Protein chains: 2
Amino acid sequence: MNGWIRVAGLGPGDESLVTDPVRAALDQATDVIGYIPYVARVAPRPGLTLHASDNRVELDRAAHALRLAREGGHVVIVSSGDPGVFAMASALFEALEAEPDPDAHDIAILPGITAMLAAAAAAGAPLGHDFAAINLSDNLKPWDMVERRLRLAAQADFAMAFYNPRSKSRPHQFTRTLEVLREECGPDRLITFARAVTTPEQALRTVTLAEATPEMADMRTVVLVGNSATRRVGRWVYTPRRAE
Amino acid sequence: MNGWIRVAGLGPGDESLVTDPVRAALDQATDVIGYIPYVARVAPRPGLTLHASDNRVELDRAAHALRLAREGGHVVIVSSGDPGVFAMASALFEALEAEPDPDAHDIAILPGITAMLAAAAAAGAPLGHDFAAINLSDNLKPWDMVERRLRLAAQADFAMAFYNPRSKSRPHQFTRTLEVLREECGPDRLITFARAVTTPEQALRTVTLAEATPEMADMRTVVLVGNSATRRVGRWVYTPRRAE
């Protein structure tokens, strides 16, 4: 087989943040596979088949990519942000476990600007010290594990970034997340809600933990929680490099 | 004043990973400020002054940028990777605290591909589940804090990425880091040492915690520690999306 698979990060939304290697892979692709809104970011052209699928079928998508590559396809699996952060790279390797010879596949992961770093840049530098990245969805892990990680991350005084904080099918979990944070952190802890960063719909809002409400987050929001030293300067939020 | 400051992430090393907004800022710059090896990545041209400085003078560098911008300069502060991750963005906001009107400055942070995500992509998807990013240097925080964060991150079963794991002036801390990990994690825990990722000198090595030695890391290495479920498939390392 001379097909290949590239798992490509499209970045947070602004097309100028797509890297050259990702653009080159898309230019050479015969097939693009991914979640509907991400595939919609790829321009159609002759010789390219776009395979858009709904959420939660990551493993099917990965198996599909392996089949197409086995047949000689040049396959790009697209993720938003970075493909290694709560995205398609892990799903591809999981599907690869079922292959008789995993190393027979020509695979590369092409990194991208992940949402939390674009959000942090728009807000200032809230992740400028040690931090933890947590996916708040319990689709693939028990909620107890999420809650335990939240508590330990707060006790370690990590800044935090939350992906998938809230969805229509999981409206109560971000409410519970704020309760856990209130048990572990002071009321002045700064929280930034960054929605649709780097797109025309970008909306940024920084509030204290006391002021935060569950409705401030939705599925297009990345939530950044400062550590105990995170502070404002002018319109910016940043976490000092120095800690005592 | 009509000067401006951009804090730009040059990415992990490969010039093709520099984003368009960063390239545009460098094209328009009158001054580029940063640590010697990062400024060395910027091509000299007429009308551009390169201000390269040694390590550990981040705050001086930020104050210098503010002075130049006040005088009308178009100043790019360069960091490798992403400027918001253990880099210059926080230092700039710290310096901004001394300004009478912080919001009078035209500032933007331009994100980049941070080393841990480039390293993860080269290795597979070891950060494909919740993870913590920790700077192992104790230049700006007490070592006890680092050790406490390591333990809590391990207890939370976060995958981990370590920046600045080891330097000539701090040879013993990564030794101690491995001891702490051995107290908290099993001997089969996978650790990836990723040196100079995306450059011609890139070297990747994945070993178990039992096999890991301090000499496997230096200042050009990012260390990725899997969580308890991280596994190999073929030549790749990945952390499954699902956790029990």
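No value in this document is a laboratory result; all are computed from the given coordinates. The structure presented is a predicted model; accordingly, all values stated were derived computationally and were not measured. Cβ: placed from backbone, ideal geometry, glycine included. Neighbour counts: every protein chain shown.
Anisotropy class assigned to region B:96-151 is oblate, per the alpha carbon gyration tensor with a/c at or over the 1.5 cut-off and a/b no larger than b/c. So what is the relative contact order for region B:3-91, in percent, with contacts set as C-alpha pairs under 8 Å and at least six apart? The normalised contact order for region B:3-91 reaches 45 percent.
The ellipsoid that matches the Cα gyration tensor of region B:116-238 has semi-axes, each √(5λ) in whole angstrom, of 20, 17, 13, with the longest given first. If R0 is 25 Å, the Cβ-Cβ spacing of residue A:168 and residue A:205 corresponds to a FRET efficiency of close to 0.75.
Shape verdict for the protein assembly as shown, please, from the Cα gyration tensor: rounded (a/c under 1.5), prolate (a/b greater than b/c) or oblate. Rounded, because the longest to shortest axis ratio a/c is under 1.5.
Ordered by the count of other Cβ atoms within 10 Å of each Cβ, fewest first, A:70, B:149 give A:70, B:149. Residues within the reach of a label modelled at residue B:15 (point 7 angstrom out along Cα to beta-carbon, backbone nitrogen below 12 Å), restricted to region B:43-81, are B:43-44.
Cross-link partners of residue A:141 among lysines, defined as those whose alpha carbon lies under 20 angstrom from its own and excluding same-chain residues fewer than eight positions apart: A:168.
Once backbone amide H atoms are built at 1.01 Å from N, residue B:105 has no partners under 5 Å, excluding neighbours fewer than 5 places away on the same chain. What percent antiparallel are the DSSP beta bridges of the protein assembly as shown, to the nearest 5? Given both bridge residues lie in the protein assembly as shown, the antiparallel proportion sits at roughly 45 percent. Globularity index of region B:27-93 is 1.02 (Cα radius of gyration / 2.2 N^0.38 Å, N = number of residues). Among the trypsin sites (Lys or Arg not before Pro) in region A:163-211, those located in a DSSP loop and surrounded by at most 15 other Cβ atoms within 10 Å of their own Cβ are A:168. When only Cα pairs below 8 angstrom with a gap of at least 6 residues are kept, region A:116-238 shows a relative contact order of 33 percent.
3J(HN,Hα) along region A:40-55, derived from phi through the Karplus expression 6.51 cos²θ - 1.76 cosθ + 1.60 where θ = phi - 60°, amounts to 5, 7, 9, 5, x, 7, x, x, 10, 9, 9, 10, 9, 9, 6, 4 Hz, with x in place of Gly and Pro.
Ellipticity at 222 nm from helices only: DSSP H runs of n ≥ 4 in chain A, each -39500 (n - 2.57), divided by the residue count, give -8500 deg cm²/dmol.
Relative contact order of region A:42-167, taken over Cα pairs closer than 8 Å and 6 or more residues apart, is 20 percent.
Each residue, residue A:60 and residue A:139, gets one label point 7 Å from its Cα in the Cβ direction; the gap between the two is 1.2 nm.
A cut-off of 5 Å between modelled amide H atoms, ignoring neighbours fewer than 5 places along the same chain, links residue B:141 with A:243. Taking the Kirkwood radius as Rh and the Cα radius of gyration as Rg, chain B has a ratio of Rg/Rh equal to 1.01. Database remark: amide H of residue A:53 closer than 5 angstrom to the amide H of A:34, A:35, A:36 (H placed geometrically; neighbours at sequence offset of 5 or more, or on other chains; Pro and chain starts carry no H). Cα centroid distance between region A:202-244 and region B:52-84, in Å? Centre-to-centre (Cα) distance: 24 Å. Across the identical copies, the 7 Å label point of residue B:45, projected outward along Cα→Cβ, sits 2.7 nm from its counterparts, in ascending order.
Suppose R0 equals 35 Å; then what is the FRET efficiency for residue B:219 and residue A:49 from their Cβ-Cβ distance, rounded to the nearest 0.05? Computed FRET efficiency for residue B:219 and residue A:49 comes out at 0.15.
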